[in-house]
Structures are given as structure tokens and as C-alpha cells.
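Participant: The structure under discussion is supplied below as C-alpha cells; questions concerning it will follow.
The values are calculated or read from the model by the stated rules, or taken from the named source; none is laboratory data. Remember, predicted model here, so these are calculated numbers, not experimental data. All Cβ positions, even for glycine, are placed from backbone atoms using ideal geometry, and neighbour counts span all protein chains on display. Just the protein is used for accessible areas: all its heavy atoms, side chains included, with ligands, DNA and RNA removed. Shrake-Rupley method; radii C 1.70, N 1.55, O 1.52, S 1.80 Å.
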Amino acid sequence: MNRIMTVLLDGKKVAGELEAHIREVVAKSSRKLTLVIIQIGDKEESSVYIKQKKKFGERVGIEVDHVMIPEDVSMDEALLTIAKQNENEDVLGIILQLPIPKHLDSSALIDAISLQKDVDGMTARSVKALVEGKSGMVPATTRGILALLEHYKIEVSGKRVLVVGRSTLVGRPTALALITAGATVTVAHRATRDLVEEVKRADIVITAIGAPKFFDSSYFREGQVVIDVGINRQDGVLVGDVDFEGVQNLVASITPVPGGVGPMTVASLFLNLIDTINK
Ligand code: NAD
């Protein structure tokens, strides 16, 4: 049997190029540029993502201001914190780090972020624009996936794309953006009956379920493009939703984990941010 040379979709490398572009844009700007991350409570899992964003900000010359609010904050106080950041002209973008404590209304807090500063693309108006296929702020993971496909000249228009996972943060916005890009999109999730068949039918498979190495080689066939969004810890090692080693030399191309969608997501968040400079 001929062994296929699977192409590595190197998110780390492409994100590095985006980073250089962002650094240039920042250097040309005379404004002070700040990204504010509001964290309510101190969930350990959030800290890792916040650290990554801080580091990226330092490298490109954007200040990342981490605002921590106590877990028991009232809705009024939380809204006030967001309002203050909306008014601050140095602040280009505001992120409300999720999850937030259950006693707070997360939709109301997200919608309190002004549209121009909604770099996570999570406010109702950004989501509406995405649903309608209009230009607007797209969530960073979705933008990162599209940018990676574009970099490797992988056409999505007319292709069968399967998105596995229907979360608000990843699966749904990615499916919507792909519809606009001309793909024929299927969304699979926990209730999907024959997942193997769905995966096999697709030209491009995007996995975002959060289960370590769930998709082994039995799911795939030759010629497919695999975008693995999953970030899972297994025996102390970061792995994706796809058994990367198992599908090497079978599929046409695949993103590694780490080093695939992760770095593209961070870079895309900052692309969203610099898009707001002249708005
Ligand atoms: P989530 O838990 O909110 O959603 C998971 C989705 O997967 C759900 O819709 C569920 O129905 C579906 N699902 C779960 N198990 C399934 C199964 N066995 N078969 C079919 N569908 C199944 O998770 P999320 O926030 O969308 O994140 C998904 C993964 O992506 C996680 O590993 C997360 O860490 C990772 N993630 C990565 C990035 C990145 O930048 N690379 C960004 C965000 C999230």
C-alpha cells in the first residue's frame, strides 16, 4: 500500500506570521492599545488562557489588562466594571472570561460590552451578523480555523464540511462562518447517530468535542482535511480530539495539538483587536 504524506497544518508557524503583522500594525499606531480581560472568580483553567493572551500582548506591544473581580460580585457591580471599560478610550477590546459564577446573567453581561470592543464576537449583535452572513466580529477560534485553511489554500466553497461539536464558543460560530464561505455544512454532536459515516462523508472535518484521541483512524479516509480544535490533557500531555499518530499517512492534512488551532486562536483574537483601531 502506498503511504500518504500527510501535510501538517502548522498553526504555530502561521500564527507567527500573523504575530509579525500585528506587531507592525501596533508599531505604526500612535494610540495606547489595551485589551481588557475581565475575570470573575479565579478558576484555575481560565488562568492558562489569560496567561497566553498576556504573553502574546507583550510580544506585539499591546497591553493586556487582567481585571479580577471577586466571585460574589453583584450583577450591578459587574455591569459597572464593564461600563467603565467601555468608556476608556485606551481600551480597544473587552473580553469577559467564561465561565462566570452561576448567580450572574452571562448574556446580559456579554451584551453590556460595546459592539466596537466585542473582540470575542459574543454579543447578540455580533452573533446576529454572523447568522446573517454579514461582516462583524467573529469568535477567535473560528477566525483562526478559517485563516489556517486560507493559508494552506484549502478551498471551502462547495466542500462538504463536518463540524463535530455545537458549543456557542466553537462549533456553532464555526459552522455559521463556513456556510457563509460556501461550504455545505453538517454539525454533529452527542445525539448524532452514525458519527463514523458522517465523518467519512466529509471533505473537511473539524473536531471540537473535548475528548482525548476520540477519533481514531477508523473514522477517516484518504484525502480528508482534519482540523482538530480539541485541547485535552491525557496522562499529563496535551492531545487533541483526534488520534494524531493513528491518522498520519491516511488523511491529506491535519493540525497538530498543540501547535495547530490553539496558536491561531490567540493570534486571531489580536487580529480582531487591531481591526478595531480605526473604528
Ligand atoms: P463544549 O464542551 O462546550 O462542547 C462540546 C461539544 O461536543 C458539545 O456540543 C457536545 O455535544 C459535543 N460532543 C461531546 N462529546 C461528543 C461525542 N462523543 N460525540 C459527538 N459530539 C460530542 O466544548 P467547547 O468549548 O466547544 O470546546 C471543545 C474542545 O475544544 C475542548 O477540548 C476545548 O478545550 C477546545 N477548545 C480549543 C480552542 C483552541 O483554540 N484550540 C478554543 C476553544 C476550545
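Participant: Please report the relative contact order for region 102-255, taking Cα pairs under 8 Å with a sequence separation of at least 6, and give it as a percent rounded to a whole number.
Facilitator: Values: 266 pairs, mean separation 24.6, N = 154.
16 percent.
Participant: Leu8 to Glu63: FRET efficiency via 1/(1 + (r/R0)^6), r the Cβ-Cβ distance, R0 35 Å, to the nearest 0.05? Each step should come with its number before you reach the end.
Facilitator: Details: r = 34 Å, r/R0 = 0.96.
It comes out at approximately 0.55.
Participant: From largest accessible area down, sort Phe214, Phe56; use a 1.4 Å probe on the protein chains. Can you show the working numbers first?
Facilitator: Working: Phe214 90, Phe56 5 Å².
Solvent-accessible surface, decreasing: Phe214, Phe56.
Participant: So which lysines pass the test for Lys117, namely a Cα distance under 18 Å, with those fewer than 8 places away in the same chain ruled out?
Facilitator: Of all the lysines, those that pass the test against Lys117 - Cα under 18 Å, at least 8 places apart if same chain - are Lys32, Lys53, Lys54, Lys84, Lys128, Lys134, Lys279.
Participant: Considering the options Ile69, Ser46, Ile145, tell which one lies farthest towards the positive end of the dipole of the chain, charges being +1 on Lys and Arg and -1 on Asp and Glu at the Cβ, about the Cα centre.
Facilitator: The residue sitting most towards the positive pole is Ile145.
Participant: At 1.4 Å probe size, with no ligands or nucleic acids counted, give the accessible surface of Asp105 in Å², nearest ten.
Facilitator: Number for this one is 80 Å².
Participant: At a 1.4 Å probe radius, which order do Lys213, Lys53, Lys13 fall into by accessible area, largest first?
Facilitator: From most accessible down to least: Lys13, Lys213, Lys53.
Participant: Give me the dipole magnitude in Debye, nearest 20, for region 127-262 about the Cα centre, with unit charges on the beta carbon: positive for Lys and Arg, negative for Asp and Glu.
Facilitator: On the way: 15 positive and 14 negative charges, 106 e Å.
The calculation lands at about 520 debye.
Participant: Leaving out same-chain residues fewer than 8 places away, which lysines sit with a Cα under 30 Å from that of Lys200?
Facilitator: Lys12, Lys13, Lys153, Lys159, Lys213
Participant: Using 0.36 nm per residue, how much length does the chain from Thr186 to Gln234 gain when fully extended, once their Cα-Cα distance is taken away?
Facilitator: Values: separation 48, 0.36 × 48 = 17.28 nm, distance 2.85 nm.
Roughly 14.4 nm would be gained on extension.
Participant: In debye, nearest 20: dipole of the chain around its Cα centre with unit charges on the Cβ of K, R (+) and D, E (-)?
Facilitator: Details: 33 positive and 36 negative charges, 139 e Å.
Taking the Cα centre of the chain as origin, the dipole is about 660 debye.
Participant: Pop out the carbon and sulfur fraction of the accessible area of the chain as a percent, whole number, probe 1.4 Å. Before the final figure, lay out each step's value.
Facilitator: Values: 7250 of 14220 Å².
That share works out to 51 percent.
Participant: Of the DSSP beta bridges with both residues in region 16-140, give the percent that are antiparallel, rounding to the nearest 5.
Facilitator: Values: 0 of 12 bridges.
Close to 0 percent.
Participant: For Arg201 and Lys102, FRET efficiency with R0 = 45 Å and r from the beta-carbon atoms, rounded to 0.05? List each step's numbers first, then the result.
Facilitator: Working: r = 39 Å, r/R0 = 0.87.
It comes to 0.70.
Participant: Same structure, new question: Would you compute, for the Cα atoms of the chain, the largest minus smallest coordinate along each principal axis and list the three values in descending order, in whole Å?
Facilitator: Computed over the chain, the largest-to-smallest principal extents equal 62, 43, 41 Å.
Participant: Picking from Ala191, Asn272, Ala208, whose Cα lies most toward the positive end of the charge dipole for region 132-279 (charges on Cβ: Lys, Arg +1; Asp, Glu -1)?
Facilitator: Farthest towards the positive end: Asn272.
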